[in-house]
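Written out below as structure tokens is the structure these notes cover.
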Amino acid sequence: MTRYAIYYTPAPASALWQLASAWIGYDAHTGRAVSRPEALGVAPDDLTAATANPSRYGFHATLVAPFELAPGLEEDELAETLATFCRHWPAFRATLQVDRIYDFLALVPAHADPRLDTLAAACVRGFDRFRAPLSDADLARRDSPDLSDHERALLKRWGYAHVLDAFRFHMSLTGALPDETLASLQPELAALFADVLRAPVVIDGLSLLKQPDRTAPFRCIARHGFSLVELAAEVH
């Protein structure tokens, strides 16, 4: 079954998008594999394994986790609703850094930024009507043993455990890795991304991604920009 997701993805021409897509080996805007950076001294097979999960989804921050469309709703309606949502949302800048989250490495906010949380909550609530209920298999897959009772309740209500007050903005760079691998790789990834993260990252739109079947990677089918009013005000 086809699935959709609503993600923040950097602009495809941005240095951050180009570098991160090269790191994971896949560009979700073009739907193509890309050459990986010859850096960090990581063996090719180890790098492929470490980035297999983020490569499947493309470089992104999840705002609405992958879902099948609810009965009676169509892709065009979802896309138009997202476009309208984005036209009324202000762009802003967020400072990100490489850090460990759970058992993987990701770009995360360098300090708490309630604008990211507000955006995520608005997306979860605003697009919930498009989401078909999870199948028993998907519910079981997302119901990991380490979830709290509260997170499990969020999963049952919203189809994803890490939403609303359990949300943590992150852009995955690896899948789950052993502690020693995380410890050695984190400073090297921080150095690799240092230049593109020197300035705050512009959160300027949302992307609609599509997965035609569960064996395929996600691909961006539309990216809609936010209003630039707030960014213009920062300049002045």
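The values are calculated or read from the model by the stated rules, or taken from the named source; none is laboratory data. Just so we're clear, the structure is a prediction, and the values are computed from it rather than from any experiment. Using ideal geometry, Cβ is built from the backbone for each residue, glycine included, and neighbour counts are taken over all protein chains shown. Please note that ligands, DNA and RNA were not included when accessible areas were found on the heavy atoms of the full protein model with its side chains. Shrake-Rupley method; radii C 1.70, N 1.55, O 1.52, S 1.80 Å.
Across the chain, the mean sequence separation of Cα contacts (distance under 8 Å, 6 or more residues apart), normalised by length, yields a relative contact order of 35 percent. For the stretch 1-41, the relative contact order comes to 24 percent (Cα pairs under 8 Å, sequence separation of at least 6).
Rounded to whole numbers, the Karplus 3J(HN,Hα) couplings from phi for the stretch 155-172 are 4, 5, 7, 10, x, 7, 7, 9, 10, 6, 6, 9, 6, 9, 4, 7, 10, 5 Hz, using 6.51 cos²θ - 1.76 cosθ + 1.60 with θ = phi - 60°, and x at Gly and Pro. Here the 3J(HN,Hα) profile of the stretch 133-145, calculated from phi with Karplus coefficients 6.51, -1.76 and 1.60 at θ = phi - 60°, is x, 5, 5, 4, 5, 5, 4, 5, 5, 8, 8, 7, x Hz, Gly and Pro shown as x.
Here the accessible area is traced with a 1.4 Å probe on the protein chains. For the chain, carbon and sulfur cover 55 percent of it.
Charge dipole (Cα centre; +1 on Lys/Arg Cβ, -1 on Asp/Glu Cβ; no other charges) of the chain amounts to roughly 400 debye. Reported to the nearest whole Å, the Cα centre-to-centre distance from the stretch 132-150 to the stretch 5-77 is 23.
I'd like to know which of L147, G31, W17 lies farthest towards the positive end of the charge dipole of the chain, counting +1 on Cβ of Lys and Arg and -1 on Cβ of Asp and Glu. Of L147, G31, W17, it is G31.
Stokes-Einstein, applied to the Kirkwood radius of the stretch 151-236 over Cα pairs at a viscosity of 1.002 mPa s and 20 °C, places its translational diffusion at 126 µm² s⁻¹. Distances between placed amide hydrogens fall under 5 Å for L63 paired with I6, Y7, Y8, all partners being 5 or more residues away or on another chain. For L105, the residues whose modelled amide H falls within less than 5 Å of its own, excluding neighbours fewer than 5 places apart on the same chain, are L173, T174.
Our summary of shape: the Cα atoms of the stretch 97-186 have principal axis extents of 42, 31, 21 Å, ordered from largest down, in whole angstrom.
Less than 5 angstrom separates the built amide H of W89 from those of S227, all sequence-distant by 5 or more or on a different chain. Each residue of the stretch 24-34 was assigned a 3J(HN,Hα) from its phi angle through the Karplus curve 6.51 cos²θ - 1.76 cosθ + 1.60 (θ = phi - 60°); the sequence is 8, x, 8, 10, 6, 6, 9, x, 10, 5, 10 Hz, with glycine and proline shown as x. Distance from the C-alpha centroid of the stretch 102-128 to that of the stretch 168-207: 15 Å, rounded to the whole angstrom.
Kindly report the accessible area of the chain per residue (heavy atoms of protein chains, probe 1.4 Å, no ligands, DNA or RNA), in Å².
48
Normalising by the residue count of the stretch 95-177, find the relative contact order in percent from Cα pairs under 8 Å and 6+ residues apart.
42
For the chain, the Kirkwood estimate of hydrodynamic radius, built from reciprocal distances between every pair of different alpha carbons, is 18.4 Å.
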